[in-house]
Amino acid sequence: MSNRKTYAELRAETAARYPSGQTVGGVTVDDIVQLKLQNSYDTHLDIARDMAKVMRADMAAYDADSSKFTQSLGCWSGFHAQQMIKSVKRMRGTAKGTYVYLSGWMVAGLRNRWGHLPDQSMHEKTAVADLINEIYVSLRQADEVAINDLFKALKDARNKGDDVAEKKAIEAIDSFESHVVPIIADIDAGFGNEHATYLLAKELIKAGACALQIENQVSDAKQCGHQDGKVTVPREDFIEKLRACRLAFEEMGVDEGVIVARTDSLGAGLTQKVPVSQKPGDLASEYNKWLKTEAITEANPMREGELAIYQNGQFMRPARMANGLFPFVEGSGKQRVIEDCVACLSQGGADLLWIETDTPNVDEIASMVNEIRKEVPNAKLTYNNSPSFNWTLNLRKQVRAQWLAEGRIAEADYPDSNDLMKVDFDTTELGLEADARLQRFQTDISARAGVFHNLITLPTFHLTAKSMDELSRGYFGEQKMLAYVSTVQREEIRRGISAVKHQHEVGSDLGDTFKEMVAGERALKAGGHANTMNQFAAE
């Protein structure tokens, strides 16, 4: 928390109220200070306000230096998010630049009462807010457990009369960095009209979201960005939903809330309606110009029930499908994306863009961003490093195509097919080059294509599936207990993963401390000599 008071400040304030060092009921000043530090946010709305400032500062840092891009992983439970942040802090010593992405896909697939459903906005609206709330409860509990450990160290130092250790413990308390980080929350296409979008946005913000990601698809025909059949809305319709999100942020006092405007136009070949144009060059006419049309002539007259629009001095008939949807001109997706993005930034007040692509190609994305930046120079993106891409095959094909063009290899050296996925190519020159490009993909795309935030939407979905398969194969196969110990517990111990002491991880020691606060020597504690967690060495 940006304005968190120090241990000394809180202790002085509390001691002024209780000069004897404890309350009438016998609660000590230090116990009160500890609980105040553990509860650094009054509400999750306070988190949204604070994290919006964090994101704005990160965006400014990126504008000054593109190597300072941010990252997140999509998490479908509070525990996933908690363990991700713990891992980052253990590795880097800080979670700065790390966010949590909340995927509508995973809410639909894993967090709704109707079973595992596709990403088509069929899950309950409230499930998104519920997950944001759950994630912040888990991150705040990680703070509580960690701060409790720091106060135990302080108490031990005082009991031993060790002034140096006491000073060190207080410094650790004051320099403690929270596990709370920004959440970018997927509000899909708004789950209804602009008023429905506004109402849901408020619920997500109250749950703690400082950033909302909304897409330009029709809300009642929404598809996953990596599936066919996507239908976009006219730009003025989408801008109204961006305004709805902004009004929700303003009403809730999250003045620096971040809006991520996502365009699915690159892969969306359909629109639900033809907007009304008031004058040449307005949003509607710029949208309509990409409709697939044919001229109305004497030889090709209008028929009953057909629709005509007037373009470039003549009446044209838009193509229309049996379901009433209108197709766009094939190959117009890239230009529509550019126009979408410019409109969202310049007229919709969006802060970040999201361009959904069908392959991970830095050159393709950079070319679109370069065009956008001609109109909006500081345009920045959030990019989906999606599991829907076959990353290995895509990058190997990109290397093969480039090396062929450069004359470095011959056609017959590497196959132009899915055979490139084979393990045989893992250690070849091409395979190693593709892996090197994978390793620097986020750095490249952030430097060359204006990507401020790199995320993976569904990693915990795939990781859980893979990990359960790995453990199940061994445990229900030949390895039995060895499978669990070798693939899970031994690795937890050796990597210093705190969850290996699962009782401590979920607050057992925290509970013992509270019992001591209110019961003293009468406290019935779980952490005695018979607690099996004592078998695990400290981190």
Would you mind counting up the charge near Glu429? Only other residues with Cβ under 14 Å from its Cβ, with Lys and Arg at +1 and Asp and Glu at -1. -2
Measuring from its Cα centre, region 1-131 shows a charge dipole (+1 at each Lys and Arg Cβ, -1 at each Asp and Glu Cβ) which, in debye to the nearest 20, is 240 debye
Given Lys53/Lys86; Lys5/Lys515; Lys53/Lys167; Lys125/Lys334, the pairs whose alpha carbons are separated by over 27 Å: Lys53/Lys167; Lys125/Lys334
Rounded to the nearest 0.05, what FRET efficiency is calculated for Asp174 and Lys334 with R0 set to 51 Å and r the Cβ-Cβ distance? 0.50
Report, in whole Å, the centroid distance computed from the Cα atoms of region 259-280 and region 72-115. 31 Å
Dipole of the chain, Cα-centred, from +1 at each Lys and Arg C-beta and -1 at each Asp and Glu C-beta, to the nearest 20 debye? 800 debye
Nearby aspartates and glutamates by direct alpha-carbon distance to Lys89 (threshold 14 angstrom, same-chain neighbours under 8 apart not counted): Asp143, Glu177, Glu539
For Lys279, counting only aspartates and glutamates whose alpha-carbon sits under 19 Å away and dropping same-chain residues fewer than eight positions off, the answer is Glu236, Asp237, Glu339, Asp340
What does the net charge come to around Ile239 if you take all other residues with beta carbon closer than 11 Å to its beta carbon, with K and R at +1 and D and E at -1? -1
Test of understanding: ordering Thr43, Thr464 by Cβ neighbours within 10 Å, fewest first, what list do you get? Thr43, Thr464
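Would you order Glu251, Glu371 from fewest to most other beta-carbon atoms within 10 Å of each residue's own beta-carbon?
Glu251, Glu371
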Pop the C-beta distance of Ala127 and Arg4 into the FRET formula with R0 = 30 Å and round what comes out to the nearest 0.05. 0.40
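Between beta-carbons, use under 15 Å as the cut-off and find the net charge around Ala319, counting Lys and Arg +1, Asp and Glu -1.
+3
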I need the peptides 331-340, 502-511 ranked by packing, meaning the mean over residues of other C-beta atoms within 10 angstrom, with the highest value on top. 331-340, 502-511
Out of these labelled values of Cα Rg over 2.2 N^0.38 Å, (i) 1.03; (ii) 0.95; (iii) 1.15, which was calculated from the coordinates shown here? (iii)
With unit charges on the beta carbon (Lys/Arg positive, Asp/Glu negative), name the residue among Thr513, Thr382, Phe461 whose Cα is farthest towards the positive pole of the charge dipole of the chain. Thr513
Quickly estimate the mean residue ellipticity at 222 nm for the chain, helices only: each DSSP H run with n ≥ 4 gives -39500 (n - 2.57), and the total goes over all residues, rounded to 500. -15000 deg cm²/dmol
Looking at this model, which pairs from Lys422/Lys466; Lys68/Lys241; Lys96/Lys160; Lys36/Lys206 are more than 24 angstrom apart at the alpha-carbon? Lys68/Lys241; Lys96/Lys160
Given a Förster distance of 22 Å, report the FRET efficiency between Gln479 and Val423 from their Cβ-Cβ distance, rounded to the nearest 0.05. 0.45
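Coordinate-derived values only; no laboratory data. Keep in mind that what you see is a predicted model, and the values were worked out from it rather than measured. Using ideal geometry, Cβ is built from the backbone for each residue, glycine included, and neighbour counts are taken over all protein chains shown.
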